[in-house]
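**Q** The following block contains the structure, expressed as structure tokens.
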Amino acid sequence: MIKAVGVRKSFGGVHALNGVDLEVARGEVLGLLGHNGAGKTTLVNILSTVSPASGGTVEVAGYDVATHGRQVRSRIGVTGQFASVDEQLSAFHNLVLIARLLGAGRREAAARAEELIEAFALTEAARRPSRTYSGGMRRRLDLAASLVGHPDVLFLDEPTTGLDPTTRMALWETVEKLVAQGTTVLLTTQYLEEADRLADRITVLSKGEVIASGTSAELKAETGSRSVHVRLAAATGTATAVAALTAAGFEPMADTGRTLSMPVATSADLAEVVRALDTVAAEIDELAYKEPTLDDVYLALTQASRAVRTAV
């Protein structure tokens with residue numbers, strides 16, 4: 001549903017995108033990660049026909065965005081970083097206006113507005129001016145507005161920025177329902193737990209280039225390290241425990257007087273850690289196995305990318 005090949009975008013002497021490639025299948029969520037200025041919003045603007053690319057080719061829903069922009073726009077919905085609703089109009093009249101602009105008749109537009117108002121829990125405030133809405137309500141209305149035309153592809157550019165955790169989770173559930181119905185989603189976000197939960201695959205941008213792509217599990221396996229953390233019952237046994245773990249092939253480090261941590265290859269190594277400590281009768285208060293988080297992966301990737309550029 002989305003295919004970009006060698007996409008470039010320059011603003012004078014500034015190269016915002018440098019040959020970006022990506023593909024998103026029908027009913028898939030692609031999470032697009034990157035720091036501020038990485039090129040995420042620029043790419044969304046190109047994919048949604050807001051801005052032309054300086055080079056490369058882009059197809060959305062089977063249409064070239066450069067030559068068939070109207071057909072693309074009729075098949076997409078966009079929610080940007082800031083709510084774009086008319087603050088003087090109510091939720092109902094905002095949605096009716098959009099439906100009418102998309103060609104719906106009066107009755108059809110009103111019916112679609114009521115349907116979305118109910119789906120996004122805006123019924124009680126449906127006739128109030130949207131300027132009186134909370135930030136979360138405005139974001140829900142903004143997302144509802146992007147769905148008026150039953151889009152095949154939905155672009156969500158940092159849709160939960162500034163929202164409280166409860167409202168953010170409610171929006172996540174809404175996105176999951178849309179995907180279950182077959183909607184294709186491209187999601188840009190700086191909340192890594194958001195990408196971890198929603199995205200089928202993740203692409204990481206840095207300085208306008210793709211530096212990694214894959215599922216969350218694949219990225220964690222490639223760039224994150226698993227570890228085991230042990231808290232001993234007494235600090236007096238730390239040196240003996242370190243010696244036993246080292247003899248077993250581990251590289252333990254003492255985080256505090258009686259807390260040890262060590263990298264491991266798989267979760268099966270947890271049993272080997274326990275066996276090594278058992279040989280010296282080390283008493284364990286706490287034992288934990290830690291998988292790398294997406295935060296760990298992102299930091300590792302961006303640091304590696306900076307190191308490469310510095311070397312060049």
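The values are calculated or read from the model by the stated rules, or taken from the named source; none is laboratory data. Every value quoted in this text rests on a predicted model; they were computed, and no experiment measured them. As a convention, Cβ positions derive from the backbone with ideal geometry for all residues, glycine included, and neighbour counts pool all protein chains shown.
**Q** Determine, yes or no, whether LEU171 is closer than 28 Å to GLY34 by Cβ and out of contact with any strand residue (DSSP E or B) (no Cβ under 7 Å at 6 or more places or on another chain).
**A** yes
**Q** Only residues that are part of a loop (DSSP other than H, G, I, E, B) and over 30 Å from the mean Cα position of the chain (by Cα): list them for the stretch 127-151, please.
**A** If the condition is that a residue be part of a loop (DSSP other than H, G, I, E, B) and over 30 Å from the mean Cα position of the chain (by Cα), then ARG127, ARG128 are the ones that fit.
**Q** Scan the stretch 105-126 for residues that are touching a residue at least 24 places away in the same chain (Cβ under 8 Å), over 22 Å from GLY162 (Cα atoms) and over 29 Å from the mean Cα position of the chain (by Cα) and jot them down.
**A** ALA126
**Q** Inspect the stretch 14-21 for any residue being within 28 Å of LEU171 (Cα to Cα) and modelled with pLDDT under 95 and give the result as yes or no.
**A** The answer is no, given that none of the residues of the stretch 14-21 is within 28 Å of LEU171 (Cα to Cα) and modelled with pLDDT under 95.
**Q** From LEU154, LEU141, grab the single residue that is in contact with a strand residue (DSSP E or B) (Cβ under 6 Å, 6 or more places away or on another chain), touching a residue at least 24 places away in the same chain (Cβ under 8 Å) and buried (at least 18 other Cβ atoms within 10 Å of the Cβ).
**A** Of LEU154, LEU141, the one residue that is in contact with a strand residue (DSSP E or B) (Cβ under 6 Å, 6 or more places away or on another chain), touching a residue at least 24 places away in the same chain (Cβ under 8 Å) and buried (at least 18 other Cβ atoms within 10 Å of the Cβ) is LEU154.
**Q** Please go through the stretch 38-58 and give me each residue that is under 12 Å from GLY19 (Cβ atoms) and either over 22 Å from the mean Cα position of the chain (by Cα) or not assigned by TED's automatic domain parsing to the domain that holds ASN18 (or both), ordered by number.
**A** ALA53, SER54, GLY55, GLY56, THR57
**Q** Could I ask something else about it? Please determine, by comparing only the residues of the stretch 171-202 that are closer than 20 Å to SER84 by Cα and free of Cβ contacts under 8 Å to residues at least 40 places away in the same chain, which one is surrounded by the fewest Cβ atoms within 10 Å (Cβ to Cβ).
**A** TRP172
**Q** Let me ask something else about it. Being under 21 Å from LEU156 (Cα atoms) and either surrounded by 17 or more Cβ atoms within 10 Å (Cβ to Cβ) or aromatic (Phe, Trp, Tyr) (or both) is the filter here; which residues of the stretch 55-74 pass it?
**A** VAL58, GLU59, VAL60, ALA61, TYR63, VAL65, VAL72, ARG73
**Q** I'd like to check which helices (runs of 4 or more DSSP H) are fully inside the stretch 1-106 and have at least 2 residues that are closer than 25 Å to ARG131 by Cβ.
**A** 91-101
**Q** Also, I was wondering about something else. Here is a list: GLU108, GLU118. Which entry is assigned by TED's automatic domain parsing to the domain that holds GLU193, surrounded by fewer than 16 Cβ atoms within 10 Å (Cβ to Cβ) and at pLDDT 95 or above?
**A** Only one candidate passes the filter, namely GLU108.
**Q** Looking at LEU270, is it within 30 Å of LEU33 (Cα to Cα) and touching a residue at least 40 places away in the same chain (Cβ under 8 Å)?
**A** no
**Q** Related question: Please pick out the residue among THR79, THR49 that is modelled with pLDDT under 95, among the polar types (S, T, N, Q) and crowded, with 20+ Cβ neighbours inside 10 Å.
**A** Selected residue: THR79, the only one of THR79, THR49 that is modelled with pLDDT under 95, among the polar types (S, T, N, Q) and crowded, with 20+ Cβ neighbours inside 10 Å.
**Q** Is it true that some residue in the stretch 193-204 is of a type in the set (A, V, I, L, M, F, W, C), more than 23 Å from PRO165 (Cα to Cα) and at pLDDT 90 or above?
**A** Yes: the stretch 193-204 contains one or more residues that are of a type in the set (A, V, I, L, M, F, W, C), more than 23 Å from PRO165 (Cα to Cα) and at pLDDT 90 or above.
**Q** In the list ARG100, ARG128, ARG106, which residue meets the criterion of being touching a strand residue (DSSP E or B) at 6+ places or on another chain (Cβ under 8 Å) and charged (D, E, K, R)?
**A** ARG128
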